[in-house]
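I have placed the structure first, in the form of structure tokens, so that the comments after it can refer back to it.
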Amino acid sequence: MDLRESLVLLLVGSFVVQFCCNANANLVFPVERKFKGPVENLAAIKAHDAGRRGRFLSVVDVALGGNGRPTSNGLYYTKIGLGPKDYYVQVDTGSDTLWVNCVGCTACPKKSGLGMDLTLYDPNLSKTSKAVPCDDEFCTSTYDGQISGCTKGMSCPYSITYGDGSTTSGSYIKDDLTFDRVVGDLRTVPDNTSVIFGCGSKQSGTLSSTTDTSLDGIIGFGQANSSVLSQLAAAGKVKRIFSHCLDSISGGGIFAIGEVVQPKVKTTPLLQGMAHYNVVLKDIEVAGDPIQLPSDILDSSSGRGTIIDSGTTLAYLPVSIYDQLLEKILAQRSGMKLYLVEDQFTCFHYSDEESVDDLFPTVKFTFEEGLTLTTYPRDYLFLFKKDMWCVGWQKSMAQTKDGKELILLGDLVLANKLVVYDLDNMAIGWADYNCSSSIKVKDDKTGSVYTMGAHDLSSASTVLIGKILTFFVLLITMLST
């Protein structure tokens, strides 16, 4: 599957993160968004989202699924510690495995246009590094049984093929992941815990080339047992619950692992057996006027339904829905001259940014069990140039393997909302929220409640562009190494 990249998980942009965490406390991830302010290159956003299509297609067909691939425009990246060194990895809520490029890889990127030096992981330089044997429980669980040809002393391999033919392969390694443990409201101390991750020794295709957004690897927050989140949960360290809140107006936000007690959010069930976060859509309204939905869109079987994907920048709708939606949105502005920019974006001139919400209608999605998601004009319209606005809704490019169209809702609709992924109960939910404020997260073991807020990462300002988001993670028991 091809990885996400663009305007914040809620505008799939690229954020930079600095990884942190600990027991009975919280993890801190300062993140930076790559795309910010007026969008100067519309094609880059679409190219990012188009690259993700390969990921969605391949995740269904590849046996070892759940891993994303960075394409031309990365979404988030974070600075994490593995062993004695730091690495910049892309953060993705839809992929699973943490992997980094390793020493001995001749085709791995050596530099990045994002302003940081890339580093090859060397297990020989880490006193805490250990190879993961092919008969290890992690390996047999990942491959649903012992791999063919497994012999004593053989490492557990990983190999991923993406939708565009690019590949990454190597072996699994266990080492210490360094983070900042939260010991009080917005107070942290360094800590670490061991995790299993991929040590990439061979890359091909786009993964082997140096681009403006090349990074050391990927950290996934997906559902598979290979994800860092699932590993910590299996060890009794955390609950499989995480949340993000991304501010599209002033930048910044929050990412938390653990139970959020404030604000409260209503949820809808996640479809079982899906590689992504699929939900059942019931209705779409534009200013209270319903849109006629095709029957197959309401069919959640065979991989259909609606995908919530924080790694996609925009929002993609089947043509029949897109045409109705655009017509209803523009109905009250019939005299407005429209422009087709780059042969794909519907745009118009308007100079008064303050009143955009007053001129265009809201769009409301209703999901199973009554959960609604309201998208405001300030969310689905974005500034292209000084006085030119463009519509973020796009005609669908995502399909199931049997050719059926999907609804794919990205950061366009997720911005300025606290989004909660409750994998323990297979549910997802959200609530409109000021992502520059704070949330309260509960430590289930001690009953303590911590206030977590968005912070700037001043150290990133010298190497990164954009706005910073801080991630907090609440661990529910003491981490031990």
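Annotations for the structure displayed:
- Between residue 368 and residue 85, the C-beta separation translates, for a Förster distance of 41 Å, into a calculated FRET efficiency of about 0.35.
- Evaluating kT/(6 pi eta Rh) at 20 °C and 1.002 mPa s, with the Kirkwood radius of the range 261-453 over Cα pairs in the Stokes-Einstein relation, gives 119 µm² s⁻¹.
- At R0 = 35 Å, FRET efficiency that the Cβ-Cβ distance of residue 385 and residue 283 yields, to 0.05: 0.50
- Estimated distance in nm for a label pair at residue 425 and residue 107, the labels positioned 7 Å out from Cα along Cα-to-Cβ: 4.6
- Alpha-carbon centroids, the range 99-129 and the range 258-293: separation in whole Å: 39
- Remark on residue 444: its backbone amide H falls under 5 Å from none of the residues 5 or more positions apart or on other chains, H modelled at 1.01 Å from N.
Every number here is computed from the coordinates shown, using simple stated rules; none is lab data. Because the structure is a prediction, the values reported are computed rather than measured. Because the Cβ atoms are built from the backbone with ideal geometry, glycine has one as well, and the counts that use them run over all protein chains shown.
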